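The numbers here are math on the coordinates, done by the rules we state, and not lab data. All values reported here derive from a predicted model rather than from experimental measurement. Here Cβ is always computed from backbone atoms with ideal geometry, including for glycine, and neighbour counts include all displayed protein chains.
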Amino acid sequence: MKTINLKYIANHLPKTDDPYLHLMSKEEVTIARNFHRSFPQYKETPLQDLKKMAEYLGVGRICVKDESWRYGLNSFKVLGGAYSIAKYLAKEMGRDIKDLPYSVLKSEEFRKELGSATFISATDGNHGRGVAWTARELGQRCIILMPKGTSQSRFDNIKALGAEVTIEDLNYDECVRKASTLADQYEHGVIVQDTSWEGYEDIPLWIMQGYAVMADEAAEQYGERPTHVFVQAGVGAMAGSAVGYFASLYPDNPPKMIVVEPNKADCMFRGAQRGDGEKVVVTGDMDSIMAGLACGEPCELGWDLFKNHATGFVSADDLMTCRGMRMLAANFKEDPHIVSGESGAATFGAFASIMLEDSLKDVRDELELGPDSKVLFFSTEGDTDPVRWKNIIWEGVDYR
C-alpha cells in the first residue's frame, strides 16, 4: 500500500457568537429544498449504502451521497447557484422566494419584468456550470472566468450551456477578484460566488443554503444520526453548509465532523494550526488534481461554522483522492459502484487511509472510528474531468 502524506489536527479554535448556525437550520433549508422541488429536473440523488466496504474497513455503516446524478450536471453545485440567483432576484424585485418557483422563473412574463442581467462567476468548473445552467434557464447572459490549469472538458461543459468562458492566467482566488471587478462594469452585473468577504455575504449565504439541500436529503435517506460526517473544503461553503446543517439538526449530540483539504490549498487546516481563530490565506498555484478544492482563501461564513462546530481538519496529498476514487469505482461486487471525481472522493480517500494505515492509528483512535461508527460522505462530483478519471481508474496513474 502506498503511504499517503496525511495530517490531522483537532479543532481547538476559540468559539464565536455563532451567528450563522440558525441560517443552516432544517427550517431554512426546507425553503431552499422546496424551491428546487419546483424544478421538473429535480430528483433526490442516491445515498449509496456500502455494506461490504463498511465491514472491510471496520465500521458499522458507510453511506455515500452520489452527486454525479444531480440535474444531469455531474455535480451538486447547481443547488447553490440556482437558489442564490433566485433569492437575489426575489430581493431585487420585492418578491418572496416562495413566489418564484421554476414555472414563474421560466415564464415570458417574468423575463419581461426582470429585463436583462449578467451573471458573472469564477470557477474551477462545477460552480460555473451550475451558474451557467441557471442563466440559460432564465434567458440571461453569463460570464465565467476559470483559473489556469483548467481542463478542456470543464471549459467545454460550461461553454455548451451558452456562457462566455475564458481561462485566465490566474489562480482561483485571483479569478474571484477579477470577476468581482468585472461585475461592476455592467449595469446589471451580478457576481455569483460561494466565497464571502466584507460587504458580500448575502449571495454566499444563499448558495450555502442551496448546498445544504444535499445534506437535508442525505439526513432523511440515512434514517438515523451518523456518528461521523466527512466533508471536503475548497473555500468552505459546501463543507460549512453541511457542518452547520448537522450541528443545527443534532444540537445536543452532533456528529463528529471532519473537514478534508488538499495539502497545497489547506487554508482551513493552517487556520486550525495557527490557533487564534483568524483565517489563513494560502497563495500560489495550489497545483492539485482536486480542482474544486484548490482554493486558498476561506469563505468567512464557512470558517465561522468550522470554528464553532468542526471536530478537526485533514490535509493530505493528491494520492488520498486517487485511493478514494479507485475504492469507490472498484467497490466490492455486493456494493454499488460510484463514479467519483478528484474533488468528490477526497473524503473517502482520507477516511480509508485513516482506517487502513498503521501510521494513522492515533488519528483513528482520536476520532473514535470503530465498529459502532456510522459514517457519511458526500461524493460531490462525478467524472467532471473524464480524461483524468480514466487515467486514475483505468491506467493506474498516481498523483501527489
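Summary of computed values
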item	result
Cβ-based exposure ranking for Arg111, Arg141, in which fewest neighbours within 10 Å come first	Arg111, Arg141
Lys, Arg +1 and Asp, Glu -1 on Cβ, resulting dipole of the range 309-400 about Cα centre, debye, nearest 20	220
Cα radius of gyration and Dmax for the range 78-200 (Å)	14.1, 41
Nearest-20 debye value, the chain charge dipole, Cβ charges on Lys, Arg, Asp, Glu	760
Under-5 Å amide H pairs with Gly296, H placed in peptide plane, nonlocal only	Asp173
For Lys43, distant residues with modelled amide H under 5 Å away	Tyr71
Listed candidates (1) 38, 27, 16; (2) 43, 24, 17; (3) 32, 22, 21 - label of the one calculated as semi-axes √(5λ) of the Cα gyration tensor in Å	(3)
Built amide H within the under 5 Å cut-off of Gly312, gap 5+	Asn11, Met257, Val259
Per-peptide average of other Cβ atoms within 10 Å, ordering 114-125, 5-16 highest first	114-125, 5-16
Asp156-Glu368 FRET efficiency (beta carbon distance; Förster radius 41 Å; 0.05 resolution)	0.35
Given charges at Cβ of Lys, Arg, Asp, Glu: the chain dipole, positive-most of Leu356, Ile392, Pro226	Ile392
Counting DSSP beta bridges with both ends in the range 55-207, the antiparallel % (nearest 5)	10
Relative contact order computed over the chain (Cα-Cα under 8 Å; 6+ residues apart), in percent	24
Packing-based exposure ordering (other Cβ within 10 Å, fewest first) of Ser107, Ser379	Ser107, Ser379
Estimated vicinal HN-Hα couplings, Hz - the range 4-17 in sequence order (Karplus 6.51, -1.76, 1.60; Gly, Pro = x)	9, 7, 10, 10, 10, 9, 6, 7, 10, 6, x, 7, 10, 6
Over 17 Å [Cα-Cα, the range 79-120], rounded percent	22
Those trypsin sites (Lys or Arg not before Pro) in the range 290-354 that DSSP places in a loop and that have at most 11 other beta carbons within 10 Å	Lys333
Only Lys, Arg (+1) and Asp, Glu (-1) charged, at Cβ; the range 78-200 dipole about Cα centre in debye	300
Euclidean distance between Cα centres, the range 290-352 to the range 71-117, Å	30
Estimated distance in nm for a label pair at Ala10 and Leu182, the labels positioned 7 Å out from Cα along Cα-to-Cβ	4.5
Relative contact order (%) - criterion: Cα under 8 Å, at least six apart; region: the range 78-200	27
Among Gly284, Met214, Met238 - extreme Cα towards positive end, dipole of the range 202-303, charges at beta-carbon	Gly284
Cα gyration tensor, the range 1-99 - rounded (a/c under 1.5), prolate or oblate	oblate
Burial ordering of Phe39, Phe246, Phe348, Phe230, fewest other beta-carbon atoms within 10 Å first	Phe39, Phe246, Phe230, Phe348
